[in-house]
Amino acid sequence: MYHGRSTGKGPSTPTQIYQQPPRLLIVHIALPSWAHICSNLCEALQNFFCLACSLMGPSRMSLFSLYMVQNQHECILPFVQVKGNFARLQACISELRTLQKEGCFRPHSTSVQLAVEDGLQQFKQYTRHVATGAALSYTSLEITVLTSQPGKEVVKQLEEGLKDTDLVRVRRLQVVEITEGVLECMDSVSPVEEPSSDESSVLGTDIDLQTIDNDVVSMEIFFKAWLHNSGTDQEHIHLLLPSRCFSNISRTGDDSMCLKCDLQERLLSPSLLPGTADGSLRMDDPKGDFSTLYQMASQSSASCYKLRVIKALNSSGICESLTYGLPFILRPTSCWQLDWDELETNQQHFHALCHSLLKRQWLLLAKGEPLSGGHSLRTPASTFYVIVPSRSPTLLVKAVATRELLLPSPFPPLPEDPTDVSLKTVERVLDSLELEPTYNPLQAWSHLYSHLSNTLTKLQGRIQPSLESRALRKAGQLQTNRVRATVAPLPMTPTPGRAPKMPAASKPSSEVFFWPSKEEEVEEQKGEEYPSGP
């Protein structure tokens, strides 16, 4: 659930929840690299849009457009609303798969610059033609250039080429270099891996540079970051600690140390996806899977939700059966409205808290405080949370049960001496299991993507090229049946002939817990190529 500034005085409505900015993706992959990247990129995009289009509640993504740059720039998909347009997005991905994969040419140094300018021009014209009320939500654009070229060279080309271009409407310009290396072992990748300081830096004027590996998992993780709340207008949570425990620090009006934090989801709620939970549960329904903390934090822009620490616990002092709901991550805030000195001090105190908790092997027990300024005379029920430190500069927040929620559960002591026969039998079974040091969710395959894709295809239908178009495409005489841009693009060279669609590259062989068998993969491919009717 996303949160941002609300225009009303009461609790926010779904339309007031923070929404990600429009995004322009420019795929700048030259031959012959495209042959090695195409399959991974298309699969990652397909998986991502299955999720983005299936999530219930307010749309997390507003507009999306895609350009392809090889020997010239070309608009594959003009700006469209993401939610409700899975068929058009799928057709766009299919179009990428048909692009030429063999051959060689020298890309023009200005092609990426022209794609940025053309995409920005289309975005400006789109916002002029939509309704005034809707246009207010689309004030700035985020542009991502996905390239196989050396990232620093592309950044220099953009800095030089765009120095006279009006980029006021560009919120962020990012260059992402796809490295040729692939994952040797999926265990080495974290599901929420953040780019290191060597991999992600800011060069020149507001152009971010990042590198990702050429594999489906890395690309998928990169695109999923688009679902996170990236708003920096206001901090989300105030973490209050008793000031008597600290010295020489700033205090709040109620004599407490205040750490200003931002919230981030650790995982998507299954209740927001069709077929994974009771479809009657909504994201704003207290019976659902959403934590009260994240809901409360989104309900006011006038004051932040407060978590007041009331006790410390030993790290082994809480039973896992007492936690419930989805966990969330606390980070030091990056709110732009705070001055640099306050941001730095807040970050240092946050890091010091993480170090101290780890050293003492402590957890924190906190109580959520209702937002002030409400119109209700009734006192809302309080929620308690346990705060867990980690080796990274983050804190994990989990809701914990209170007296009113607890049900009686007998826990008799375990018998000390099981029978020898039973013990030997069970030990033989356990010895046959493969022991893993940790659980890696990247190796757990639930077939969710294929389920969501089939569900969306049945609901929205699929854009299929006609037999005549297929024949012309094979002959290289037709630009494919993509959706046309709504504005005239910048001048460019004529479009070359297209190569026939090639089969996707096979997936790398990696041992995983629940990797689909060959038979299951064949069945999924059949279901995607020949979906059943609605």
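Identify, from the list 91, 87, the residue that is surrounded by fewer than 19 Cβ atoms within 10 Å (Cβ to Cβ), under 23 Å from the mean Cα position of the chain (by Cα) and in contact (Cβ under 8 Å) with a residue 60 or more places away in the chain.
Details: 91 fails: surrounded by fewer than 19 Cβ atoms within 10 Å (Cβ to Cβ).
Step by step, each of 91, 87 is checked, and only 87 is surrounded by fewer than 19 Cβ atoms within 10 Å (Cβ to Cβ), under 23 Å from the mean Cα position of the chain (by Cα) and in contact (Cβ under 8 Å) with a residue 60 or more places away in the chain.
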Inset, instruction - Take region 148-177 and flag every residue that is under 17 Å from residue 120 (Cα atoms), open to solvent by less than 90 Å² (accessible area, probe 1.4 Å) and either part of a loop (DSSP other than H, G, I, E, B) or small (Gly, Ala, Ser) (or both). - result: 161, 162, 165, 166, 167, 169
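Working only within region 327-355, note down all residues that are over 19 Å from residue 385 (Cβ atoms) and either assigned to a loop (DSSP other than H, G, I, E, B) or among the aliphatic types (A, V, I, L, M) (or both). Please lay out each step first, then the result.
If we filter region 327-355 for residues that are over 19 Å from residue 385 (Cβ atoms), which is where we start, we get 334-349, 351-352, 355.
Passing the criteria: 334, 335, 336, 337, 338, 339, 343, 352.
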Legend entry - Any pair with Cβ under 8 angstrom, 6 or more apart, that starts in region 23-39 at a residue that is aromatic (Phe, Trp, Tyr) and ends at one that is open to solvent by less than 10 Å² (accessible area, probe 1.4 Å): 34/99
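Regarding residue 315, is this residue modelled with pLDDT of 95 or more, closer than 17 Å to residue 396 by Cβ, among the small types (Gly, Ala, Ser) and surrounded by fewer than 16 Cβ atoms within 10 Å (Cβ to Cβ)?
Answer is no for this residue.
Out of the residues in region 180-207 meeting the condition of being touching a helix residue (DSSP H, G or I) at 6+ places or on another chain (Cβ under 9 Å) and at pLDDT 55 or above, tell me which one is least open to solvent (accessible area, probe 1.4 Å). Please lay out each step first, then the result.
To start, the set of residues in region 180-207 that are touching a helix residue (DSSP H, G or I) at 6+ places or on another chain (Cβ under 9 Å) comprises 180, 182-183, 186-187, 189-193, 203-205, 207.
Adding the requirement that they be at pLDDT 55 or above leaves 180, 207.
Details: 180: 98, 207: 6 Å².
Among them, the one singled out is 207.
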Legend entry - The lone exception for residue 381 - which of (1) more than 29 Å from the chain's Cα centre (by Cα); (2) at pLDDT 90 or above it fails: (2)
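Tally the residues that are under 30 Å from residue 382 (Cβ atoms) and open to solvent by 100 Å² or more (accessible area, probe 1.4 Å), restricting the search to region 402-426.
The first filter runs over region 402-426 and keeps only residues under 30 Å from residue 382 (Cβ atoms), leaving 402-411.
With the extra rule that they be open to solvent by 100 Å² or more (accessible area, probe 1.4 Å), the set shrinks to 403-408, 410-411.
Residues meeting the conditions: 8.
Consider residue 100 carefully, then state whether it is outside any loop (DSSP other than H, G, I, E, B) and at negative phi.
Working: outside any loop (DSSP other than H, G, I, E, B): no; at negative phi: yes.
Considered against the rule, which asks whether it is outside any loop (DSSP other than H, G, I, E, B) and at negative phi, residue 100 comes out as no.
The values are calculated or read from the model by the stated rules, or taken from the named source; none is laboratory data. Computed from a predicted model, the values in this text were never measured in an experiment. Note: ideal-geometry Cβ built from the backbone for every residue, glycine included; neighbour counts use all protein chains shown. We work out accessible area using only protein heavy atoms, side chains counted, and drop any ligands, DNA or RNA first. Shrake-Rupley method; radii C 1.70, N 1.55, O 1.52, S 1.80 Å.
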